[in-house]
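Enquirer: Just dropping this structure here.
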Amino acid sequence: MILGAEFYLRNNVTIVARELLGKLLVTNIDGQKTSGIITETEAYQGVVDKASHAYGGKLTNRTEVMYRPGGFAYVYLCYGIHSLFNVVTNRKDIPHAVLIRSIAPFEGIEHMLARARKGINAKNIGVGPGKVSKLLGINYGLTGQRLTLDFINKSKQKELTIWIEDLNENPKKSEIEMSPRIGVDYAGDDALLTYRYVYNRK
DNA sequence: CATAGGATCGCCT
DNA sequence: GGCGATCCTATGT
């Protein structure tokens with residue numbers, strides 16, 4: 001079942017980040033359907049979070065998507081090479097987001113391998129936010145895409161490009177590890193927050 | 001207009 | 001453990 005807006009609109013981004021573990025992230029790009037089970041996420045808590053692109057209420061062309069209501073894709077280019085995929089959460093004007101850091105490939109693995117051929121190590125495939133986007137065919141041009149079917153008739157878009165499905169795979173507490181987020185040393189105290197969630201699947 | 005730097009990755013030593 | 005790749009974004013003049 002495709003997750004609806006109510007899943008993303010909730011006001012606690014850390015709960016959404018945790019509940020995204022075990023869900024299926026799906027793309028339909030270039031006529032190729034690919035998907036992976038989400039195994040690692042990070043929560044970014046908007047204006048109060050020094051690690052967030054929206055810290056202090058920063059609003060630019062790039063971050064505008066984060067201020068939309070939950071259920072949009074926020075994709076940005078990192079180091080000039082990697083498109084990192086985030087899910088926007090909370091209600092309009094609260095710029096919270098969850099970075100998807102790892103997936104376990106599920107469907108369309110042959111398409112993923114073809115995409116990976118250009119510069120991906122076969123080892124740890126799907127582990128790391130740059131690799132998630134590479135495998136699923138997500139690039140920064142897809143920022144602002146809707147992830148839900150709500151209001152689909154109000155737009156000209158007929159089908160989704162990126163969405164998330166519930167497989168009823170519910171990770172146990174003992175299978176989830178929390179730790180500080182990666183690569184945010186510049187964030188001072190906020191670098192210590194354990195907003196990273198890793199799902200160790202059996 | 002110019003410029004510095006980044007929520008990374010793979011390959012090298 | 002270190003480094004280069006590679007380009008958009010944000011900021012400053």
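Enquirer: Nearest 500 deg cm²/dmol is fine: what mean residue ellipticity at 222 nm does chain A get from its DSSP H runs of n ≥ 4 alone, each adding -39,500 (n - 2.57), divided by its residue count?
Expert: That calculation yields -3500 deg cm²/dmol at 222 nm.
Enquirer: Grab the other residues whose beta carbon is less than 13 angstrom from that of A:Ile2, score K and R as +1, D and E as -1, and report the net.
Expert: Details: positive: A:Lys23, A:Arg146; negative: A:Glu6, A:Asp150, A:Glu159, A:Glu165, A:Asp166.
For residues surrounding A:Ile2, the net value is -3.
Enquirer: Over region A:5-182, what is the mean sequence separation of C-alpha contacts under 8 Å (at least six apart), divided by residue count, expressed as relative contact order in percent?
Expert: Reported relative contact order: 27 percent.
Enquirer: Determine the sum of side-chain charges near A:Ala191: Lys and Arg each +1, Asp and Glu each -1, restricted to other residues whose C-beta is under 14 angstrom from that of A:Ala191.
Expert: Charge balance near A:Ala191 sits at -2.
Enquirer: Oh, and also: So, counting K/R as plus one and D/E as minus one, what does the shell of residues with Cβ under 13 Å around A:Glu64 add up to?
Expert: With Lys, Arg at +1 and Asp, Glu at -1, the net is +3.
Enquirer: Cα convex hull of chain A: how many Å³ per residue?
Expert: Output value, Cα hull per residue: 123 Å³.
Enquirer: Rounded to whole Å, give me the distance from the Cα center of region A:1-46 to that of region A:155-202.
Expert: 8 Å
Enquirer: Going 7 Å from the Cα of A:Arg117 in the Cα-to-Cβ direction, what parts of region A:1-33 have a backbone nitrogen less than 20 Å from that spot?
Expert: Counting backbone N atoms under 20 Å from the label point, the list is A:29-33.
Read-outs: derived from the displayed coordinates by stated rules, not from any lab. Since the model is a prediction, treat every value here as computed from it, not as a measurement. Using ideal geometry, Cβ is built from the backbone for each residue, glycine included, and neighbour counts are taken over all protein chains shown.
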